[in-house]
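*Asks:* Mind having a look at this structure? Questions to follow.
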Amino acid sequence: MINPSSIDIYTAGIAGVVVIGFIGDIISKRTGFPSIVWLLAFGIILGPVLGVLSKSLLIGLSPIVSTLVLLIVIFNAGLRLNIYQFIRSLSRTSLLAVFNFTMAAVAAILVMLIFRFSLIDALLMGVIVGGTSAAVIPLISREAKMSNQSKNLVTVESILTDPIGIVLTLAIINIILLKDYSVSFAISSVISSFSIAIVLGVIAGFIWVPIMGYLQKDKYEYSYAGSISVAFLIFIIVQYLNGSGPIAALIFGIIVSNGEEIFKWFRYKDVRNFTMTSESKRFNNLITFFTSAFFFVYLGALVSFSDVYAMLIGAGIAAALIIARFISTPIALARSQYTEQDKINASYMVSRGMGAGVLATLPIAYGISGTGSFINIIFVVIVATIIFNSVAALVSSIKEKRGTSDTKSGGQDSKPVGVQQVQNLEREPPTRKVVG
(Lines give C-alpha, C1' and ligand atoms only; values in the text may rest on other atoms or scores of the structure.)
Protein backbone atom coordinates (compact mmCIF):
# COMPACT_ATOMS: atom_id res chain seq x y z
CA MET A 1 0.00 0.00 0.00
CA ILE A 2 1.26 3.45 -0.94
CA ASN A 3 1.94 5.75 1.99
CA PRO A 4 -0.18 8.95 1.67
CA SER A 5 2.66 11.02 3.09
CA SER A 6 4.93 9.76 0.30
CA ILE A 7 2.37 10.89 -2.27
CA ASP A 8 2.36 14.35 -0.68
CA ILE A 9 6.15 14.50 -0.73
CA TYR A 10 6.41 13.51 -4.40
CA THR A 11 3.57 15.86 -5.37
CA ALA A 12 5.37 18.70 -3.59
CA GLY A 13 8.57 17.68 -5.38
CA ILE A 14 6.89 17.81 -8.79
CA ALA A 15 5.42 21.22 -7.99
CA GLY A 16 8.85 22.37 -6.82
CA VAL A 17 10.47 21.26 -10.07
CA VAL A 18 7.94 23.23 -12.13
CA VAL A 19 8.26 26.33 -9.92
CA ILE A 20 12.07 26.22 -9.94
CA GLY A 21 12.03 25.74 -13.71
CA PHE A 22 9.60 28.64 -14.17
CA ILE A 23 11.50 31.02 -11.89
CA GLY A 24 14.81 29.92 -13.41
CA ASP A 25 13.42 30.60 -16.89
CA ILE A 26 12.42 34.12 -15.86
CA ILE A 27 15.85 34.76 -14.32
CA SER A 28 17.61 33.36 -17.38
CA LYS A 29 15.66 35.60 -19.76
CA ARG A 30 16.46 38.67 -17.65
CA THR A 31 20.10 37.88 -16.86
CA GLY A 32 21.20 35.39 -19.50
CA PHE A 33 22.19 32.89 -16.77
CA PRO A 34 20.61 29.53 -17.74
CA SER A 35 18.09 27.86 -15.43
CA ILE A 36 19.97 24.55 -15.73
CA VAL A 37 22.15 25.40 -12.73
CA TRP A 38 19.13 26.04 -10.45
CA LEU A 39 17.47 22.79 -11.54
CA LEU A 40 20.64 20.80 -10.91
CA ALA A 41 20.89 22.41 -7.46
CA PHE A 42 17.27 21.45 -6.69
CA GLY A 43 18.02 17.87 -7.74
CA ILE A 44 21.03 17.83 -5.40
CA ILE A 45 18.81 19.00 -2.54
CA LEU A 46 16.19 16.30 -3.24
CA GLY A 47 18.82 13.59 -3.75
CA PRO A 48 22.17 13.69 -1.96
CA VAL A 49 21.13 16.29 0.66
CA LEU A 50 17.62 15.28 1.81
CA GLY A 51 17.50 11.75 0.44
CA VAL A 52 13.95 12.20 -0.88
CA LEU A 53 14.98 10.66 -4.20
CA SER A 54 16.70 7.28 -3.93
CA LYS A 55 19.78 6.99 -6.15
CA SER A 56 19.25 3.24 -6.65
CA LEU A 57 15.67 3.88 -7.78
CA LEU A 58 16.79 6.61 -10.18
CA ILE A 59 19.50 4.39 -11.68
CA GLY A 60 16.87 1.67 -12.15
CA LEU A 61 14.74 4.18 -14.08
CA SER A 62 17.71 5.27 -16.21
CA PRO A 63 16.85 3.18 -19.32
CA ILE A 64 13.31 4.63 -19.43
CA VAL A 65 14.29 8.21 -18.60
CA SER A 66 17.27 8.22 -21.00
CA THR A 67 15.19 6.83 -23.88
CA LEU A 68 12.28 9.25 -23.44
CA VAL A 69 14.44 12.33 -22.96
CA LEU A 70 16.82 11.37 -25.76
CA LEU A 71 13.91 10.97 -28.16
CA ILE A 72 12.55 14.42 -27.33
CA VAL A 73 16.02 16.01 -27.46
CA ILE A 74 16.94 14.48 -30.81
CA PHE A 75 13.49 15.20 -32.32
CA ASN A 76 13.95 18.84 -31.27
CA ALA A 77 17.44 18.83 -32.78
CA GLY A 78 15.82 17.88 -36.07
CA LEU A 79 13.14 20.54 -35.71
CA ARG A 80 15.78 23.24 -35.09
CA LEU A 81 17.81 22.40 -38.18
CA ASN A 82 16.73 24.77 -40.93
CA ILE A 83 17.91 23.37 -44.26
CA TYR A 84 18.27 26.72 -46.04
CA GLN A 85 20.08 28.29 -43.11
CA PHE A 86 22.36 25.26 -43.04
CA ILE A 87 23.09 25.46 -46.77
CA ARG A 88 23.69 29.26 -46.68
CA SER A 89 26.20 28.94 -43.86
CA LEU A 90 27.50 25.55 -44.95
CA SER A 91 31.13 26.41 -45.61
CA ARG A 92 32.30 28.53 -42.68
CA THR A 93 29.82 27.47 -39.98
CA SER A 94 30.16 23.78 -40.79
CA LEU A 95 33.95 24.14 -40.67
CA LEU A 96 33.64 25.85 -37.28
CA ALA A 97 31.25 23.19 -35.95
CA VAL A 98 33.30 20.19 -37.11
CA PHE A 99 36.68 21.67 -36.17
CA ASN A 100 35.56 22.87 -32.72
CA PHE A 101 33.81 19.55 -32.06
CA THR A 102 36.92 17.61 -33.04
CA MET A 103 39.26 19.75 -30.95
CA ALA A 104 36.93 19.59 -27.93
CA ALA A 105 36.59 15.81 -28.24
CA VAL A 106 40.38 15.38 -28.52
CA ALA A 107 40.92 17.60 -25.46
CA ALA A 108 38.42 15.58 -23.40
CA ILE A 109 39.93 12.28 -24.61
CA LEU A 110 43.41 13.37 -23.51
CA VAL A 111 42.14 14.30 -20.04
CA MET A 112 40.37 10.94 -19.71
CA LEU A 113 43.51 9.08 -20.78
CA ILE A 114 45.60 11.04 -18.26
CA PHE A 115 43.21 9.81 -15.56
CA ARG A 116 43.76 6.22 -16.81
CA PHE A 117 40.43 5.53 -18.50
CA SER A 118 40.40 3.03 -21.37
CA LEU A 119 40.63 4.40 -24.90
CA ILE A 120 37.05 3.42 -25.78
CA ASP A 121 35.66 5.08 -22.63
CA ALA A 122 37.76 8.16 -23.38
CA LEU A 123 36.38 8.25 -26.95
CA LEU A 124 32.86 7.96 -25.59
CA MET A 125 33.35 10.89 -23.20
CA GLY A 126 34.99 12.91 -25.96
CA VAL A 127 32.00 12.72 -28.32
CA ILE A 128 29.55 13.27 -25.43
CA VAL A 129 31.09 16.66 -24.55
CA GLY A 130 32.25 17.59 -28.05
CA GLY A 131 29.33 19.85 -28.97
CA THR A 132 28.00 23.05 -27.45
CA SER A 133 24.44 23.33 -26.13
CA ALA A 134 21.76 24.37 -28.63
CA ALA A 135 19.55 25.44 -25.70
CA VAL A 136 22.10 27.48 -23.72
CA ILE A 137 24.24 29.17 -26.40
CA PRO A 138 21.44 31.25 -28.02
CA LEU A 139 20.34 32.45 -24.58
CA ILE A 140 23.81 33.62 -23.48
CA SER A 141 24.68 35.09 -26.88
CA ARG A 142 21.54 37.24 -26.73
CA GLU A 143 22.72 38.82 -23.47
CA ALA A 144 26.35 39.21 -24.60
CA LYS A 145 25.71 42.19 -26.90
CA MET A 146 27.08 40.23 -29.85
CA SER A 147 26.47 41.26 -33.43
CA ASN A 148 23.70 39.42 -35.27
CA GLN A 149 26.35 37.84 -37.48
CA SER A 150 28.26 36.28 -34.59
CA LYS A 151 25.02 35.29 -32.80
CA ASN A 152 23.89 33.37 -35.87
CA LEU A 153 27.34 31.81 -36.16
CA VAL A 154 27.45 30.29 -32.66
CA THR A 155 23.74 29.39 -32.71
CA VAL A 156 23.93 27.45 -35.97
CA GLU A 157 27.16 25.82 -34.76
CA SER A 158 25.42 24.54 -31.61
CA ILE A 159 22.48 23.27 -33.67
CA LEU A 160 24.86 21.34 -35.94
CA THR A 161 26.96 19.82 -33.15
CA ASP A 162 23.96 18.39 -31.27
CA PRO A 163 23.21 15.75 -33.95
CA ILE A 164 26.95 15.09 -34.48
CA GLY A 165 27.41 14.28 -30.79
CA ILE A 166 24.32 12.09 -30.65
CA VAL A 167 25.20 10.11 -33.79
CA LEU A 168 28.80 9.48 -32.75
CA THR A 169 27.82 8.55 -29.19
CA LEU A 170 25.28 6.01 -30.42
CA ALA A 171 27.83 4.63 -32.90
CA ILE A 172 30.48 4.10 -30.20
CA ILE A 173 27.94 2.55 -27.81
CA ASN A 174 26.90 0.11 -30.54
CA ILE A 175 30.55 -0.79 -31.15
CA ILE A 176 31.10 -1.34 -27.40
CA LEU A 177 28.04 -3.59 -27.20
CA LEU A 178 29.44 -5.62 -30.12
CA LYS A 179 32.92 -5.91 -28.56
CA ASP A 180 32.90 -9.70 -28.87
CA TYR A 181 32.90 -9.36 -32.66
CA SER A 182 35.52 -8.06 -35.08
CA VAL A 183 35.93 -4.32 -35.65
CA SER A 184 34.80 -4.62 -39.28
CA PHE A 185 31.65 -6.50 -38.22
CA ALA A 186 30.89 -3.87 -35.56
CA ILE A 187 31.33 -0.98 -38.03
CA SER A 188 29.21 -2.69 -40.68
CA SER A 189 26.51 -3.31 -38.05
CA VAL A 190 26.49 0.38 -37.13
CA ILE A 191 26.26 1.40 -40.80
CA SER A 192 23.41 -1.06 -41.32
CA SER A 193 21.60 0.23 -38.23
CA PHE A 194 21.93 3.86 -39.32
CA SER A 195 20.91 3.06 -42.91
CA ILE A 196 17.68 1.42 -41.76
CA ALA A 197 16.97 4.43 -39.55
CA ILE A 198 17.60 7.00 -42.30
CA VAL A 199 15.44 5.20 -44.88
CA LEU A 200 12.49 4.67 -42.53
CA GLY A 201 12.83 8.19 -41.08
CA VAL A 202 12.62 9.68 -44.58
CA ILE A 203 9.65 7.50 -45.55
CA ALA A 204 7.78 8.39 -42.35
CA GLY A 205 8.50 12.09 -42.87
CA PHE A 206 7.24 12.09 -46.45
CA ILE A 207 4.06 10.30 -45.40
CA TRP A 208 3.37 12.43 -42.31
CA VAL A 209 4.07 15.96 -43.63
CA PRO A 210 1.14 15.99 -46.12
CA ILE A 211 -1.13 14.58 -43.39
CA MET A 212 0.08 17.29 -41.01
CA GLY A 213 -0.54 19.89 -43.71
CA TYR A 214 -4.12 18.65 -44.20
CA LEU A 215 -4.79 18.80 -40.45
CA GLN A 216 -3.37 22.31 -40.18
CA LYS A 217 -5.28 23.45 -43.25
CA ASP A 218 -8.55 22.47 -41.57
CA LYS A 219 -7.46 24.23 -38.34
CA TYR A 220 -7.06 21.08 -36.27
CA GLU A 221 -5.19 22.09 -33.14
CA TYR A 222 -2.14 20.42 -31.63
CA SER A 223 -0.86 18.76 -34.79
CA TYR A 224 2.47 18.68 -32.95
CA ALA A 225 1.01 16.02 -30.66
CA GLY A 226 0.51 13.89 -33.75
CA SER A 227 4.07 14.61 -34.95
CA ILE A 228 5.75 13.58 -31.71
CA SER A 229 3.48 10.52 -31.48
CA VAL A 230 4.65 9.44 -34.93
CA ALA A 231 8.25 10.08 -33.81
CA PHE A 232 7.73 7.69 -30.89
CA LEU A 233 6.21 5.05 -33.19
CA ILE A 234 9.07 5.39 -35.68
CA PHE A 235 11.53 5.06 -32.82
CA ILE A 236 9.94 1.80 -31.63
CA ILE A 237 9.54 0.28 -35.12
CA VAL A 238 13.12 1.07 -36.15
CA GLN A 239 14.51 -0.30 -32.89
CA TYR A 240 12.50 -3.51 -33.45
CA LEU A 241 14.04 -3.81 -36.94
CA ASN A 242 17.56 -3.51 -35.44
CA GLY A 243 17.92 0.04 -36.65
CA SER A 244 18.80 3.17 -34.67
CA GLY A 245 15.57 4.65 -33.33
CA PRO A 246 17.15 8.00 -32.31
CA ILE A 247 18.61 8.56 -35.80
CA ALA A 248 15.21 7.82 -37.36
CA ALA A 249 13.62 10.38 -35.02
CA LEU A 250 16.29 12.94 -35.99
CA ILE A 251 15.66 12.48 -39.74
CA PHE A 252 11.89 12.58 -39.18
CA GLY A 253 12.23 15.84 -37.21
CA ILE A 254 14.31 17.46 -39.97
CA ILE A 255 11.70 16.61 -42.61
CA VAL A 256 8.79 17.80 -40.44
CA SER A 257 10.56 21.10 -39.72
CA ASN A 258 11.48 21.69 -43.37
CA GLY A 259 8.43 20.13 -45.03
CA GLU A 260 7.54 23.21 -47.06
CA GLU A 261 11.04 23.63 -48.53
CA ILE A 262 11.53 19.90 -49.18
CA PHE A 263 8.20 19.42 -50.97
CA LYS A 264 8.86 22.53 -53.06
CA TRP A 265 11.90 20.76 -54.44
CA PHE A 266 9.54 18.06 -55.70
CA ARG A 267 7.20 20.72 -57.12
CA TYR A 268 4.33 19.76 -54.83
CA LYS A 269 1.40 22.08 -55.61
CA ASP A 270 0.13 23.33 -52.24
CA VAL A 271 2.75 23.43 -49.48
CA ARG A 272 1.41 26.40 -47.47
CA ASN A 273 0.57 24.26 -44.43
CA PHE A 274 3.57 21.96 -44.60
CA THR A 275 5.41 23.80 -41.80
CA MET A 276 4.73 23.61 -38.07
CA THR A 277 2.29 26.28 -36.91
CA SER A 278 3.06 28.79 -34.17
CA GLU A 279 0.70 26.87 -31.85
CA SER A 280 2.66 23.67 -32.50
CA LYS A 281 5.93 25.44 -31.79
CA ARG A 282 4.58 26.83 -28.51
CA PHE A 283 3.41 23.36 -27.53
CA ASN A 284 6.83 22.00 -28.43
CA ASN A 285 8.46 24.65 -26.22
CA LEU A 286 6.19 23.64 -23.34
CA ILE A 287 7.09 19.95 -23.74
CA THR A 288 10.77 20.90 -23.89
CA PHE A 289 10.44 23.04 -20.74
CA PHE A 290 8.92 20.19 -18.70
CA THR A 291 11.33 17.61 -20.08
CA SER A 292 14.46 19.67 -19.40
CA ALA A 293 13.23 20.73 -15.94
CA PHE A 294 12.62 17.18 -14.75
CA PHE A 295 15.71 15.78 -16.43
CA PHE A 296 18.15 18.21 -14.80
CA VAL A 297 16.58 17.62 -11.40
CA TYR A 298 16.95 13.88 -12.11
CA LEU A 299 20.59 14.40 -13.11
CA GLY A 300 21.30 16.50 -10.01
CA ALA A 301 19.79 13.81 -7.77
CA LEU A 302 22.24 11.26 -9.23
CA VAL A 303 25.31 13.32 -8.36
CA SER A 304 27.59 11.95 -5.66
CA PHE A 305 29.87 14.51 -4.01
CA SER A 306 31.82 11.73 -2.34
CA ASP A 307 33.31 10.89 -5.75
CA VAL A 308 35.95 13.64 -5.59
CA TYR A 309 38.04 11.89 -8.26
CA ALA A 310 35.22 12.21 -10.82
CA MET A 311 34.68 15.86 -9.87
CA LEU A 312 38.37 16.52 -10.49
CA ILE A 313 38.14 14.85 -13.90
CA GLY A 314 35.11 16.99 -14.75
CA ALA A 315 36.99 20.16 -13.80
CA GLY A 316 39.92 19.04 -15.93
CA ILE A 317 37.70 18.36 -18.93
CA ALA A 318 35.90 21.72 -18.53
CA ALA A 319 39.25 23.55 -18.47
CA ALA A 320 40.45 21.56 -21.50
CA LEU A 321 37.27 22.41 -23.44
CA ILE A 322 37.71 26.13 -22.74
CA ILE A 323 41.38 26.12 -23.77
CA ALA A 324 40.67 24.02 -26.88
CA ARG A 325 37.93 26.40 -28.03
CA PHE A 326 40.12 29.49 -27.64
CA ILE A 327 42.65 27.73 -29.89
CA SER A 328 40.31 26.20 -32.48
CA THR A 329 37.82 29.05 -33.06
CA PRO A 330 40.32 31.65 -34.39
CA ILE A 331 41.83 28.98 -36.64
CA ALA A 332 38.41 27.96 -38.04
CA LEU A 333 37.45 31.60 -38.63
CA ALA A 334 40.79 32.71 -40.10
CA ARG A 335 40.50 34.82 -43.26
CA SER A 336 36.73 35.12 -42.87
CA GLN A 337 34.42 38.14 -42.83
CA TYR A 338 34.12 37.97 -39.06
CA THR A 339 35.73 40.73 -37.00
CA GLU A 340 38.25 40.10 -34.24
CA GLN A 341 35.54 40.84 -31.67
CA ASP A 342 33.26 38.25 -33.32
CA LYS A 343 36.04 35.67 -33.03
CA ILE A 344 36.59 36.50 -29.35
CA ASN A 345 32.86 36.26 -28.63
CA ALA A 346 32.62 32.91 -30.42
CA SER A 347 35.67 31.62 -28.53
CA TYR A 348 34.04 31.77 -25.10
CA MET A 349 30.75 30.18 -26.20
CA VAL A 350 31.65 26.87 -24.62
CA SER A 351 28.50 25.89 -22.65
CA ARG A 352 27.41 22.28 -22.46
CA GLY A 353 23.84 21.40 -21.52
CA MET A 354 21.02 18.96 -22.03
CA GLY A 355 22.56 17.09 -24.95
CA ALA A 356 25.69 16.19 -22.98
CA GLY A 357 23.63 15.41 -19.87
CA VAL A 358 21.32 12.99 -21.70
CA LEU A 359 24.17 11.29 -23.58
CA ALA A 360 26.06 10.78 -20.31
CA THR A 361 23.19 8.66 -18.95
CA LEU A 362 23.14 6.33 -21.99
CA PRO A 363 26.21 4.23 -21.07
CA ILE A 364 24.64 3.54 -17.67
CA ALA A 365 21.30 2.74 -19.30
CA TYR A 366 23.03 0.25 -21.62
CA GLY A 367 24.95 -1.29 -18.72
CA ILE A 368 28.41 -0.40 -20.04
CA SER A 369 30.99 -1.06 -17.35
CA GLY A 370 33.48 1.62 -16.31
CA THR A 371 31.09 4.51 -17.04
CA GLY A 372 29.48 4.85 -13.60
CA SER A 373 31.35 8.11 -12.94
CA PHE A 374 30.15 9.77 -16.15
CA ILE A 375 27.20 11.44 -14.39
CA ASN A 376 29.46 13.17 -11.85
CA ILE A 377 31.94 14.18 -14.54
CA ILE A 378 29.26 15.66 -16.79
CA PHE A 379 27.68 17.49 -13.86
CA VAL A 380 30.91 19.42 -13.25
CA VAL A 381 31.46 20.00 -16.99
CA ILE A 382 27.96 21.47 -17.47
CA VAL A 383 28.08 23.73 -14.40
CA ALA A 384 31.67 24.90 -14.98
CA THR A 385 31.22 25.70 -18.68
CA ILE A 386 27.94 27.53 -18.11
CA ILE A 387 29.38 29.64 -15.29
CA PHE A 388 32.49 30.47 -17.33
CA ASN A 389 30.39 31.29 -20.40
CA SER A 390 27.99 33.51 -18.42
CA VAL A 391 30.79 35.43 -16.68
CA ALA A 392 32.67 35.89 -19.97
CA ALA A 393 29.49 37.16 -21.65
CA LEU A 394 28.87 39.58 -18.78
CA VAL A 395 32.42 40.95 -18.98
CA SER A 396 32.11 41.31 -22.76
CA SER A 397 28.78 43.12 -22.37
CA ILE A 398 30.26 45.55 -19.82
CA LYS A 399 33.23 46.28 -22.09
CA GLU A 400 30.87 46.83 -25.03
CA LYS A 401 28.79 49.32 -23.01
CA ARG A 402 31.88 51.19 -21.87
CA GLY A 403 33.18 51.33 -25.41
CA THR A 404 29.84 52.65 -26.65
CA SER A 405 29.68 55.35 -23.95
CA ASP A 406 33.28 56.41 -24.68
CA THR A 407 32.45 56.65 -28.36
CA LYS A 408 29.38 58.77 -27.68
CA SER A 409 31.31 61.12 -25.41
CA GLY A 410 33.85 61.62 -28.19
CA GLY A 411 31.18 62.70 -30.64
CA GLN A 412 28.88 60.95 -33.08
CA ASP A 413 31.31 61.31 -35.97
CA SER A 414 34.19 59.70 -34.08
CA LYS A 415 32.71 56.19 -34.09
CA PRO A 416 35.13 53.57 -35.40
CA VAL A 417 34.04 51.87 -38.56
CA GLY A 418 33.93 48.45 -36.85
CA VAL A 419 31.54 49.67 -34.14
CA GLN A 420 29.31 51.37 -36.71
CA GLN A 421 29.16 48.14 -38.74
CA VAL A 422 28.17 46.12 -35.67
CA GLN A 423 25.44 48.65 -34.82
CA ASN A 424 24.12 48.45 -38.36
CA LEU A 425 24.04 44.68 -38.09
CA GLU A 426 22.15 44.86 -34.80
CA ARG A 427 19.53 47.18 -36.33
CA GLU A 428 18.94 44.85 -39.25
CA PRO A 429 16.28 42.25 -38.47
CA PRO A 430 17.20 38.67 -39.39
CA THR A 431 15.75 37.65 -42.73
CA ARG A 432 15.02 34.26 -44.17
CA LYS A 433 15.05 33.74 -47.88
CA VAL A 434 12.45 31.42 -49.30
CA VAL A 435 13.46 29.78 -52.52
CA GLY A 436 10.67 28.70 -54.69
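*Asks:* One residue is enough: does the stretch 337-348 have a residue meeting the conditions among the aromatic types (Phe, Trp, Tyr), closer than 20 Å to residue 133 by Cα, assigned to a helix (DSSP H, G or I) and out of contact with any strand residue (DSSP E or B) (no Cβ under 7 Å at 6 or more places or on another chain)?
*Replies:* Narrowing the stretch 337-348 to residues among the aromatic types (Phe, Trp, Tyr): 338, 348.
Narrowing the set further to residues that are closer than 20 Å to residue 133 by Cα leaves 348.
From what's left, assigned to a helix (DSSP H, G or I): none.
No, that holds for no residue.
*Asks:* Let me ask something else. Before we move on, is residue 343 touching a residue at least 12 places away in the same chain (Cβ under 8 Å) and touching a Pro at 6+ places or on another chain (Cβ under 9 Å)?
*Replies:* Values: touching a residue at least 12 places away in the same chain (Cβ under 8 Å): yes; touching a Pro at 6+ places or on another chain (Cβ under 9 Å): yes.
Yes: the conditions hold for residue 343.
*Asks:* For the stretch 289-310, which residues satisfy the criterion of being of a type in the set (Ser, Thr, Tyr) and out of contact with any Gly (no Cβ under 7 Å at 6 or more places or on another chain)?
*Replies:* Taking the stretch 289-310 first, the residues of a type in the set (Ser, Thr, Tyr) are 291-292, 298, 304, 306, 309.
Passing the criteria: 291, 292, 304, 306, 309.
*Asks:* Right, another one. Here are some residues: 195, 147, 118. Which one is out of contact with any Phe, Trp or Tyr (no Cβ under 7 Å at 6 or more places or on another chain), at pLDDT 90 or above and more than 23 Å from residue 365 (Cα to Cα)?
*Replies:* On the way: 147 fails: at pLDDT 90 or above; 118 fails: more than 23 Å from residue 365 (Cα to Cα).
The unique qualifying residue is 195.
*Asks:* Among the listed residues 59, 74, 109, which satisfies the condition of being part of a helix (DSSP H, G or I) and without any contact (Cβ under 8 Å) to a residue 40 or more places away in the chain? Outline the logic, then answer.
*Replies:* On the way: 59 fails: without any contact (Cβ under 8 Å) to a residue 40 or more places away in the chain; 74 fails: without any contact (Cβ under 8 Å) to a residue 40 or more places away in the chain.
After applying the criteria, what remains is 109.
*Asks:* If the requirement is being at pLDDT 80 or above and not acidic (Asp, Glu), which of these qualifies: 39, 81? Spell out how you get there, then give the answer.
*Replies:* On the way: 81 fails: at pLDDT 80 or above.
The unique qualifying residue is 39.
*Asks:* Just to be sure before I move on: is residue 175 among the hydrophobic types (A, V, I, L, M, F, W, C), surrounded by fewer than 23 Cβ atoms within 10 Å (Cβ to Cβ), at pLDDT 80 or above and farther than 20 Å from residue 71 by Cβ in the structure I sent?
*Replies:* Working: among the hydrophobic types (A, V, I, L, M, F, W, C): yes; surrounded by fewer than 23 Cβ atoms within 10 Å (Cβ to Cβ): yes; at pLDDT 80 or above: yes; farther than 20 Å from residue 71 by Cβ: yes.
So residue 175 fits the description; yes.
*Asks:* Inside the stretch 100-146, can you point out the residues that are within 18 Å of the chain's Cα centre (by Cα), surrounded by fewer than 19 Cβ atoms within 10 Å (Cβ to Cβ) and of a type in the set (Ser, Thr, Tyr)?
*Replies:* 102
*Asks:* In the stretch 29-43, which residue that is under 17 Å from the mean Cα position of the chain (by Cα) and buried (at least 20 other Cβ atoms within 10 Å of the Cβ) is farthest from residue 295 (Cα to Cα)?
*Replies:* Among those residues, the one meeting the criterion is 33.
*Asks:* Return yes or no: is residue 184 at pLDDT below 80 and crowded, with 16+ Cβ neighbours inside 10 Å? Steps first, please.
*Replies:* Numbers: at pLDDT below 80: yes; crowded, with 16+ Cβ neighbours inside 10 Å: no.
For residue 184, the condition - at pLDDT below 80 and crowded, with 16+ Cβ neighbours inside 10 Å - is not met.
*Asks:* Also, I was wondering about something else. Anything in the stretch 56-86 that is in contact with a Lys or Arg (Cβ under 9 Å, 6 or more places away or on another chain) and crowded, with 16+ Cβ neighbours inside 10 Å? List them, or say none.
*Replies:* So in the stretch 56-86, the residues in contact with a Lys or Arg (Cβ under 9 Å, 6 or more places away or on another chain) come out as 79, 82, 84-85.
Those that are in contact with a Lys or Arg (Cβ under 9 Å, 6 or more places away or on another chain) and crowded, with 16+ Cβ neighbours inside 10 Å: 79, 82, 85.
*Asks:* State yes or no: is residue 384 of a type in the set (A, V, I, L, M, F, W, C), at pLDDT below 90 and surrounded by fewer than 23 Cβ atoms within 10 Å (Cβ to Cβ)?
*Replies:* On the way: of a type in the set (A, V, I, L, M, F, W, C): yes; at pLDDT below 90: no; surrounded by fewer than 23 Cβ atoms within 10 Å (Cβ to Cβ): yes.
No: the conditions fail for residue 384.
*Asks:* Please go through the stretch 122-142 and give me each residue that is β-branched (Val, Ile, Thr) and assigned to a helix (DSSP H, G or I), ordered by number.
*Replies:* To start, the set of residues in the stretch 122-142 that are β-branched (Val, Ile, Thr) comprises 127-129, 132, 136-137, 140.
If the condition is that a residue be β-branched (Val, Ile, Thr) and assigned to a helix (DSSP H, G or I), then 127, 128, 137, 140 are the ones that fit.
*Asks:* Same structure, new question: Looking only at residues that are in contact with a Pro (Cβ under 9 Å, 6 or more places away or on another chain), surrounded by fewer than 20 Cβ atoms within 10 Å (Cβ to Cβ) and in contact (Cβ under 8 Å) with a residue 60 or more places away in the chain in the stretch 292-323, which one is farthest from residue 373 (Cα to Cα)?
*Replies:* 305
*Asks:* Next question, about the same structure. Do you know which of the residues in the stretch 15-28 that are touching a residue at least 24 places away in the same chain (Cβ under 8 Å) and β-branched (Val, Ile, Thr) is surrounded by the fewest Cβ atoms within 10 Å (Cβ to Cβ)?
*Replies:* Here the residue is 18.
*Asks:* Which one of these is among the hydrophobic types (A, V, I, L, M, F, W, C), closer than 23 Å to residue 103 by Cβ and surrounded by fewer than 17 Cβ atoms within 10 Å (Cβ to Cβ): 266, 326, 289? Explain how you work it out, then say what you get.
*Replies:* On the way: 266 fails: closer than 23 Å to residue 103 by Cβ; 289 fails: closer than 23 Å to residue 103 by Cβ.
Testing whether each residue is among the hydrophobic types (A, V, I, L, M, F, W, C), closer than 23 Å to residue 103 by Cβ and surrounded by fewer than 17 Cβ atoms within 10 Å (Cβ to Cβ) leaves just 326.
*Asks:* What about residue 328, is it at negative phi and in contact (Cβ under 8 Å) with a residue 24 or more places away in the chain? Working first, answer last.
*Replies:* On the way: at negative phi: yes; in contact (Cβ under 8 Å) with a residue 24 or more places away in the chain: yes.
When the stated conditions are applied, residue 328 passes them.
*Asks:* Exactly one of these conditions fails for residue 65: (1) over 30 Å from residue 392 (Cβ atoms); (2) modelled with pLDDT under 80; (3) in contact with a helix residue (DSSP H, G or I) (Cβ under 9 Å, 6 or more places away or on another chain); (4) not polar (S, T, N, Q). Give me its number.
*Replies:* (2)
*Asks:* What is the number of the single condition among (1) more than 30 Å from residue 348 (Cα to Cα); (2) touching a Leu at 6+ places or on another chain (Cβ under 8 Å); (3) surrounded by fewer than 17 Cβ atoms within 10 Å (Cβ to Cβ) that residue 200 does not meet?
*Replies:* (3)
*Asks:* Output the qualifying pairs, or none if there are none: Cβ atoms under 6 angstrom, residues six or more apart or on different chains, first residue in the stretch 352-376 and without any contact (Cβ under 8 Å) to a residue 24 or more places away in the chain, second residue acidic (Asp, Glu) and not in a helix (DSSP H, G or I).
*Replies:* none
The values are calculated or read from the model by the stated rules, or taken from the named source; none is laboratory data. Note that the structure is predicted; figures quoted are calculated from it, not measured. Here Cβ is always computed from backbone atoms with ideal geometry, including for glycine, and neighbour counts include all displayed protein chains.
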